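One structure is given below, encoded as structure tokens.
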Amino acid sequence: MGTRDLIRSLPLWAFAAFGTLAYAENLPCLSPNEACSERLSVKDGWVRIYATHPLRSSSPTVQTPVVAAAGPKRALVMVHGAARNGDGYFGTALAAAASQGELLDTVIIAPSFKGIDGPSCRDTVEDGELVFGCQAWNAGFAATNSELKATSFDAMDRILQLLGDRARFPNLRSITVAGHSGGGQFVQRYAAMNHAETRLHMPVKYVVANPSSYVYLNEYRLRPEASCTQDGICTGGFGPYWDRTNCSGYNKYRYGLEGLTGYASTMTTGTIRRQFVKRDVTYLIGDLDTLQDSDLDKSCSAQAQGPNRRERGLNFWNYMREEFHATHQIVVVPRCGHNAACMFGSQAGARTLFP
């Protein structure tokens, strides 16, 4: 049995036994730990990424170039949630790829954005590693230790740029950027703001799973007492937020396009609206993600979007359809709450990542 056939037959628990051995035969690295990691340079700092294939030819752990004849055909970039555990989400992405038989044909990347912001959020940081506010990385704000104002969205730009390098990945035909919870916030805002996609020679799909909030494109929100369904039916329309007098920040950036800052400030609101409407976006919503848990954004700006993550997702998808005629997709995952493994491990979730 050849190495490729052996890997196809392995259960997920056996991946870690391979470590960087996979690189010796140009096969994917399948260990959800630092054996499959490297430092990604971003302006005047770096961000750790976990990767099945090397992005940098000078990576300290990976030296073997991708072979054109056996190169992967698609890429999946998976963004972690509020726990900032890129290694865990790398494992989640590996499992989703394995469930669809796509491990050997997919480059899987999982960045890890470190945060220091008060006593409850103090990650261990290495020399030169970029550090973000613990609720700032998912909106593309600048690192607190970067003189060049490197942002988390700059890091994603760099990942897409390297994936788009035909010398590294000559057979790559598509990229999917996905994230759950805080990562879902990251992906939705990045889909709206980024200018990296326009420079690529391949399509990019964005999968937004169970975020606490969305960036809206104007001052409209769903009318009070109204609700929306996954069938595109709302019991009320969208209009200027009814309680804006008591929630003056409801349309400021993170939640809207007023007062753009960080990476977002490099784009005009008109450009953001035009490009986001046209982008390939799928909202992955847990049917049971209705709890008022401790990680749910309960600010008035978030409450203006709906009472819980499920309703906020349904409302936003319908808003994009009704107000901007966007052709974005929605997938409601049955029997899943606020859990990335359930969302991406389900058949509905995995097929969204690997259609």
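Each reported figure results from applying straightforward, stated rules to the coordinates on display, with no laboratory input. Keep in mind that what you see is a predicted model, and the values were worked out from it rather than measured. Neighbour counts run over all protein chains shown; Cβ positions are idealised from the backbone, glycine included.
For labels at Thr144 and Cys121 in the simple 7 Å Cα→Cβ model, what's the distance in nm?
It is 0.9 nm.
For the chain, calculate the relative contact order in percent as a whole number, restricting contacts to Cα pairs under 8 Å that are 6 or more residues apart.
Details: 741 pairs, mean separation 51.8, N = 355.
This gives 15 percent for the chain.
Pairs of lysines 8 or more apart, or on different chains, with alpha carbons under 17 Å: count those in the chain, would you? Please report the intermediate quantities before stating the final value.
Working: Lys43/Lys114; Lys43/Lys149; Lys73/Lys205; Lys114/Lys149; Lys205/Lys278; Lys252/Lys298.
Number of lysine pairs found: 6.
Using DSSP loop states and a limit of at most 14 other Cβ atoms within 10 Å to flag trypsin sites (Lys or Arg not before Pro), what is the longest stretch of the chain containing no flagged site?
On the way: sites that count: Lys73, Lys149, Arg166, Arg173, Lys298, Arg335.
It runs 174-297.
Which order results if Trp317, Trp137 are arranged by neighbouring Cβ count within 10 Å, fewest first?
On the way: Trp317 25, Trp137 32.
Neighbour counts put them in this order, fewest first: Trp317, Trp137.
Against the longest principal axis of the chain, how steep is helix 152-163, in degrees 0 to 90 to the nearest 10, with axes from Cα atoms?
Helix 152-163 and the main axis of the chain meet at about 40 degrees.
Defining a contact as two alpha carbons under 8 Å apart and six or more residues distant in sequence, what relative contact order in percent does the stretch 33-175 show? Don't skip to the answer; put the middle values down first.
Numbers: 257 pairs, mean separation 39.8, N = 143.
Contact order relative to length: 28 percent.
What Kirkwood hydrodynamic radius do you get for the stretch 283-341 when you take the inverse of the mean 1/r over all pairs of distinct Cα atoms, in Å?
Hydrodynamic radius (Kirkwood, Cα only) of the stretch 283-341 equals 12.1 Å.
Take the Cα radius of gyration of the stretch 234-321 and divide it by 2.2 N^0.38 Å, with N its residue count; two decimals is plenty.
Details: Rg = 14.1 Å, N = 88, 2.2 N^0.38 = 12.1 Å.
Rg over 2.2 N^0.38 Å, computed on Cα atoms: 1.17.
If you fit an axis through the alpha-carbon atoms of helix 86-99 and take the longest principal axis of the Cα set of the chain, what angle between them do you get, 0 to 90°, nearest 10?
So the inclination is approximately 80 degrees.
Under 5 Å between amide hydrogens, which residues at least 5 positions from Arg48 or on another chain qualify, with H placed 1.01 Å from N in the peptide plane?
Leu40, Ser112
Quick one: net charge around Lys43, please, counting Lys, Arg +1 and Asp, Glu -1 for every other residue with C-beta under 11 Å from its C-beta.
Working: positive: Lys149, Arg158; negative: Asp44, Glu147, Asp154, Asp157.
Residues near Lys43 contribute -2 overall.
Over all directions, the average projected area of the alpha-carbon convex hull for the stretch 123-220 comes to how many nm²? Mind showing how you got there, number by number?
Numbers: hull surface 31.9 nm².
It is 8.0 nm².
How much of the pair distance distribution for the stretch 226-281 lies past 13 Å, counting alpha-carbon pairs only, in percent? Don't skip to the answer; put the middle values down first.
On the way: 1112 of 1540 pairs.
Considering the stretch 226-281, 72 percent of its Cα-Cα pairs are separated by more than 13 Å.
Sequence-distant or interchain residues sharing an amide H contact under 5 Å with Ile330, placed H: which?
Tyr283
So what's the angle, to the nearest 10 degrees on a 0 to 90 scale, between helix 182-193 and the longest Cα principal axis of the chain?
80
Can you give the local net charge around Val208? Use residues other than it whose beta-carbon is closer than 14 angstrom to its beta-carbon, Lys and Arg +1, Asp and Glu -1. Before the final figure, lay out each step's value.
Numbers: positive: Arg189, Lys205, Arg279, Arg309, Arg310, Arg312; negative: Asp280, Asp289.
Residues close to Val208 contribute a combined charge of +4.
Counting helices only, and only those DSSP H runs with n ≥ 4, report the 222 nm mean residue ellipticity of the chain as the sum of -39,500 (n - 2.57) divided by its residues, in deg cm²/dmol to the nearest 500. Intermediate results must be reported in sequence, preceding the final value.
On the way: 9 runs with 88 residues, N = 355.
Taking each H run of at least 4 residues, the total per residue is -7000 deg cm²/dmol.
Using 0.36 nm times the number of residues separating Cys300 and Ser265, minus their current alpha carbon distance, what extension gain do you get? Let's see the in-between values first.
Values: separation 35, 0.36 × 35 = 12.60 nm, distance 2.34 nm.
Additional length available on full extension: 10.3 nm.
Express the relative contact order of the stretch 280-355 as a whole percentage, based on alpha carbon pairs under 8 Å and six or more residues apart in sequence.
Numbers: 91 pairs, mean separation 32.2, N = 76.
42 percent.
Residues with beta-carbon under 11 Å from that of Phe169, excluding Phe169: net charge, scoring Lys, Arg +1 and Asp, Glu -1?
Details: positive: Lys73, Arg74, Arg166, Arg168, Arg173; negative: Asp165.
Neighbour charge sum, excluding Phe169 itself: +4.
Could you compute Rg(Cα) / (2.2 N^0.38 Å) for the stretch 89-167, with N its residue count? Intermediate values should be presented prior to the final figure.
Working: Rg = 15.2 Å, N = 79, 2.2 N^0.38 = 11.6 Å.
Against the empirical 2.2 N^0.38 Å value, I get 1.32 for the stretch 89-167.
Please report Rg (one decimal) and Dmax (integer) in Å for the Cα set of the stretch 198-355.
Cα-based Rg and Dmax for the stretch 198-355 come out at 15.5, 46 Å.
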